[in-house]
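The values are calculated or read from the model by the stated rules, or taken from the named source; none is laboratory data. Everything quoted here is computed from the prediction, not taken from an experiment. Cβ placement follows ideal geometry from the backbone for every residue including glycine, while neighbour counts extend to all protein chains displayed.
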Amino acid sequence: MIPNEQHHQDIRIIYGCPTGNTPSGGVKVIYKHSELLNHLGFQSHIWHPADDSFTCDWFDHGITPIATQELNPASDFIILPEIWATGYVPILKKQGFKVGIFVQNCYYTHVNLDSGNQNGIADAYHDADLVLSISSDTSNYLENILRIPREKIILQRYSIDSNLFRPNAKERLITYMPRKMSQHSMRVISALQPLLPTGWSIRPLDNMNEQEISLHLSRSIIFMAFSEFEGLPVPPVEAALSGNIVIGYHGQGGKEYWRAPNFIPVEQGDLQDFILKILATISEISSDRLNLDSLNAGMHRLAHHFSNENERQMLTQLGSAIKRLY
C-alpha cells in the first residue's frame, strides 16, 4: 500500500455530540451515522466533550465514545453540530484539526457562542473544511443565506428503519410528541379532546425509548406534528411509515417529503384549522371515505427516500470527501 493510502486508512471521523439522555432525533442521527461509517470501513467515534464517558442509552447502538485527550489533529476530522460552530471551530482550527459542521437545523445557525466576535458565524462557516447538510431546504439556506459555496456542502440525510416503524393493528388513537412546541400542543389538545367521537383517544409519546415509540405509532391512525424550524423532522417520517396520517406543521425542512395523502399540512399557528382537519380526517375514516390502504404508495416512497442504502451512499461520499482533504 502506498504511503498516501495508508494515511487515508488512519483518518478518523469524530462526531461531536451534546450530552443528555432525552430522546432527540438529531443525536440519534449523529450516533447512527458514526456507527454506519464504521460498518463501511471508515474509523469513526462519538465525542462528548462535556463528559468523555457518556453514551446514550435510549436507543440501540454500537458506539464507543472517544475521550478528549485521545483526539489527534494529524488524523482526526471533527464534525460539529451547528449550535457549536462558533464555539469550537476557531479552537479546533488553531489546534490544527480539519473540521466540518453538521447542520441538522439551519434555523439554529444564528447561535453565536463567541461573544467577542460579531462575525463569529460567518468566520466559522468560512473556516470549516466541509459543511454537512441534512436536507434540500438546509442546503438552499446554507447557499442562499449563509453564502456557503455549493461545492463545500455535502448532503447527509438519515435513514429510518422501516422494519421497526411499520403499521400494526390500528386503534382509534391519535399520537403526538409533547416535547415539540409544548404550549402550542396543549392548546390543540385542550380544544380537541371534548370534540372527539366516542372511542377515540389522544396519547402523548413522552419518556419512551425507540421501541416504545414505534409500538405506539404502529397502533395509532393520526399523528399530530408540532414541528417548528426543523432541518428534516424525524417523528413525522416515523409516524407516516407506521401507517399514520400526519397532520400539522412541516417546520420548513419537512417540505422535502410532505405529500398527500400521508401528510396534511396546516399553516403554522392556525390552531382552528389544525383541529378541524383532525376532525375531518376522523370523519372520513369512520365513514370509510378514507381507506388507510391509500397510504401504502406514500409509505413505499418514504421507505426508499429514507433508506439505509441511500444513507450508506451519502456517507461513503462524505468519507471520500474527507480523505481528499488530507
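Is it the case that some residue within region 214-223 is among the hydrophobic types (A, V, I, L, M, F, W, C), buried (at least 23 other Cβ atoms within 10 Å of the Cβ) and either within 16 Å of the chain's Cα centre (by Cα) or not in a helix (DSSP H, G or I) (or both)? Checked against the condition, which is being among the hydrophobic types (A, V, I, L, M, F, W, C), buried (at least 23 other Cβ atoms within 10 Å of the Cβ) and either within 16 Å of the chain's Cα centre (by Cα) or not in a helix (DSSP H, G or I) (or both), region 214-223 yields at least one hit.
Residues in region 312-326 that are touching a His at 6+ places or on another chain (Cβ under 7 Å) and not in a helix (DSSP H, G or I): 326 alone.
Among the residues of region 127-152, those that are free of Cβ contacts under 8 Å to residues at least 12 places away in the same chain and under 22 Å from residue 323 (Cβ atoms) comprise 149, 150, 151. The residues on offer are 117, 163, and the sole one that is modelled with pLDDT under 95 and in contact with a helix residue (DSSP H, G or I) (Cβ under 7 Å, 6 or more places away or on another chain) is 117.
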